[in-house]
Amino acid sequence: MQELFLRLPYSFRTLLVNLYGYGLARNRYGGSFNERLKELLETQWIPQEKIKQLQFASVKDLLEFSYKNVPYYTKLFDEHGLKPAHIKQLSDLEKIPLLTKKIIRENFEDLIASNVKRSDIKLSHSSGTTGQKLFFYLPKILKYQINYAVNARFYNWAGIKPFDKRVTLGGRLFTKHHPYWIYNRAENQLLLSIHHLNSETVDSYIEMIEKFSPKFIAGHPSGVDFIAQRLVNTHKTLPLKAIFTTGETLTDEQRQVIKKGFGVDVFDTWGLGESVASASECEYHEGYHEDSEYGIIEFIKTEKGYEIVGTSLYNYAMPFIRYKIEDIAELIPDGQQVCKCGRGLPLKFRRIIGRNDDQLTGLNGKNIFSVTVRMNIKPFLMEGETYQLIQTSKKDFTFKIASSDFNPDRNRAFNNMLLGILGDKASINIEVVNEIHHDGGGKLRNVVNLTNK
Ligand SMILES: [Zn+2]
């Protein structure tokens with residue numbers, strides 16, 4: 001499908017992106033979106049103690065529902081002699097065993113509520129930032145209107161309104177060559193392909209952004225940082241209101257460069273496709289406010305540090321209760337989770353800890369963002385597989401894949417796909433392994449470059 005799409009002429013691709021964009025915009029911003037956003041803009045000011053009480057009432061409803069209607073939780077609670085009534089306060093949640101990706105895969109059908117209407121839910125999968133694909137169901141209303149209302153509240157913290165003119169520097173594959181952008185009318189949005197951003201094209205990106213004159217840019221920190229670096233080097237700037245980053249961990253260095261290059265504040269947000277919890281920076285940038293109406297963030301102490309555990313308050317289709325997210329955070333202790341902005345939403349953590357993926361250098365000498373690697377590999381992965389692509393010299397690469405089902409056909413397919421990203425003359429050594437060892441931090445790094453160390 002994707003290959004076919006990419007081969008179409010630019011005008012056809014623009015048309016299809018716009019048709020798809022209108023459909024998405026209707027799902028995202030239709031129905032209850034406006035009401036939800038209005039409500040979220042009010043509830044953010046509720047005092048923190050009260051917010052926690054409301055959160056507890058929500059999670060109680062979810063627990064009672066799940067015990068009654070979700071076979072996995074009925075069994076789990078019974079096995080542990082637990083009843084929803086035993087959970088008397090938020091801190092009692094720790095009595096409930098954690099939910100892991102492995103458990104979800106092994107109990108997929110039993111995790112679906114028996115009384116859910118299949119037409120109200122949508123099969124989704126995680127973005128694979130840890131390299132491990134996971135399938136799950138989300139209520140459509142959560143996937144679209146609720147997620148987008150929560151995001152719109154975050155944008156509001158930077159003075160941005162829904163449908164303000166914007167540039168998205170994203171990972172979607174919509175072109176193979178120039179032009180590297182498509183205008184999506186439904187969201188008043190210029191989509192820029194991060195995959196073609198390099199030292200030769202960066203000036204054309206800057207020119208295009210200048211011409212479009214957006215209120216803000218949203219994108220992966222690595223791509224936004226690349227453009228900002230060029231602005232710094234050429235003493236240029238672009239008149240924007242804000243920059244939003246997501247999808248990768250924003251480093252302090254990137255934040256400095258982006259601020260300097262664009263001359264505006266960077267607002268970072270943290271969340272995941274599983275839609276269990278999210279947290280974002282406000283205008284004071286002192287940490288990440290939990291979106292408390294949406295999900296509960298807890299921390300568990302492991303040998304890696306404080307790992308985030310999330311509970312979705314809106315997923316009644318396939319409840320994720322105490323889901324182990326595998327992100328490590330520098331937490332803000334209870335009692336200190338207040339912010340100068342006065343919002344009651346607790347400031348849960350200072351930052352996400354962990355090393356980021358590296359950039360690679362292709363055989364043509366141009367940089368390759370890790371998001372390009374991740375996006376291209378994603379369609380080839382099977383559930384539960386993890387991988388790591390390592391550049392060991394200018395032209396040598398090792399691709400490790402932890403898989404129990406790898407055959408010569410897949411080997412060939414992976415090899416061709418990787419040659420497409422890295423360059424025809426790249427030498428790729430594919431290693432099938434049982435497990436890929438983490439080198440610290442929460443997430444497995446998918447892309448490692450050993451040549452610039
Ligand atoms: Zn704040």
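No value in this document is a laboratory result; all are computed from the given coordinates. Everything numeric here is computed off the predicted structure, so don't read it as measured data. A quick note on method: Cβ atoms are made from the backbone with ideal geometry, for glycine too, and the neighbour counts reach across all protein chains shown.
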Enter the angle in degrees (range 0 to 90, nearest 10) between the Cα long axis of helix 408-422 and the first principal axis of the Cα atoms of the chain, meaning the one along which they spread out most. 60
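Determine the sum of side-chain charges near SER193: Lys and Arg each +1, Asp and Glu each -1, restricted to other residues whose C-beta is under 11 angstrom from that of SER193. Could the numbers behind the result be given before it?
Values: positive: ARG172, LYS176; negative: none.
Here the charged neighbours net out to +2.
Take the chain, mark every one of the GluC sites (Glu not before Pro) that falls in a DSSP loop and has at most 15 other Cβ within 10 Å, then report the longest stretch left between them, sites excluded. If you can, show how the numbers build up before the last one.
Values: sites that count: GLU200, GLU283, GLU286, GLU303, GLU383, GLU435.
The reported range is 1-199.
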Sparse-neighbour loop sites [trypsin sites (Lys or Arg not before Pro); the range 29-124; at most 12 other C-beta within 10 Å; DSSP]: LYS88, LYS117
Sort LEU389, LEU4, LEU313 by Cβ crowding within 10 Å, fewest neighbours at the top. LEU4, LEU313, LEU389
Give me the net charge for the shell around GLN48: Cβ to Cβ below 11 angstrom, other residues only, Lys and Arg +1, Asp and Glu -1. 0
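Evaluate Rg over Rh across the range 185-337, taking Cα atoms for both radii and Kirkwood's formula for Rh. Intermediate values should be presented prior to the final figure.
Numbers: Rg = 17.8 Å, Rh = 17.3 Å.
Radius of gyration relative to Kirkwood radius: 1.03.
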Just how many % of Cα pairs in the range 273-392 lie over 25 Å apart, if you round to the nearest whole percent? 41
Principal-axis tilt of helix 33-43 within the chain, Cα atoms, nearest 10 degrees: 60
A correct Karplus calculation of ³J(HN,Hα) over the range 152-160, with 6.51 cos²θ - 1.76 cosθ + 1.60, θ = phi - 60°, whole Hz and x for Gly and Pro, returns 5, 5, 4, 4, 4, 5, 9, x, 9
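Would you mind calculating the relative contact order of the range 219-365 from Cα pairs under 8 angstrom and at least 6 residues apart, reporting the percent as a whole number? Can you show the working numbers first?
On the way: 273 pairs, mean separation 25.2, N = 147.
Across the range 219-365, relative contact order equals 17 percent.
Report the gain in length on full extension from TYR20 to VAL433: 0.36 nm times residue separation, minus Cα-Cα distance, nm rounded to one decimal. Walk me through the intermediate numbers first.
Numbers: separation 413, 0.36 × 413 = 148.68 nm, distance 3.91 nm.
That works out to 144.8 nm of additional length.
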From phi via Karplus (6.51, -1.76, 1.60), per-residue ³J(HN,Hα) for the range 63-78 in Hz, x at Gly/Pro: 5, 5, 4, 5, 4, 7, 10, 10, x, 4, 6, 4, 5, 4, 5, 4
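Translational diffusion coefficient of the range 232-282 at 37 °C, 0.692 mPa s, Stokes-Einstein with Kirkwood Rh over Cα pairs, in µm²/s as a whole number. Before the final figure, lay out each step's value.
Working: Rh = 12.2 Å.
Result for D is 270 µm²/s.
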Under the helix-only model (-39500 (n - 2.57) for each DSSP H run of 4 or more, divided by the residues of the chain), the mean residue ellipticity at 222 nm, to 500 deg cm²/dmol, is -9500 deg cm²/dmol
Nearest 10 degrees, 0 to 90: what angle lies between the long axis of helix 202-212 and the longest principal axis of the chain (Cα atoms)? 60
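Sorted from fewest to most neighbouring beta carbons within 10 Å, what does the list LYS143, LYS260 look like?
On the way: LYS143 21, LYS260 13.
Listing LYS143, LYS260 from fewest to most nearby Cβ atoms yields LYS260, LYS143.
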Spread of Cα-to-Cα distances over 10 Å intervals beginning at zero, given as percent, for the chain: 4, 19, 30, 29, 15, 4, 0
What do you get for Rg/Rh over the range 7-118 if you use C-alpha atoms and the Kirkwood form of Rh? 1.14
Can you compute the radius of gyration and Dmax for the range 39-188, using only the Cα atoms, both in Å? 19.8, 61
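As a footprinting exposure proxy, order THR245, THR234 by other Cβ within 10 Å, with the fewest listed first. All intermediate terms of the calculation are to be shown ahead of the outcome.
Values: THR245 25, THR234 12.
Taking fewest neighbouring Cβ atoms as first place, the list is THR234, THR245.
Please compute, over every Cα-Cα pair in the range 360-449, the percentage with a separation greater than 14 angstrom. List each step's numbers first, then the result.
Working: 2542 of 4005 pairs.
Result for the distance tail: 63 percent.
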Could you work out how far the C-alpha centroid of the range 51-69 sits from that of the range 275-289, in angstrom? 23
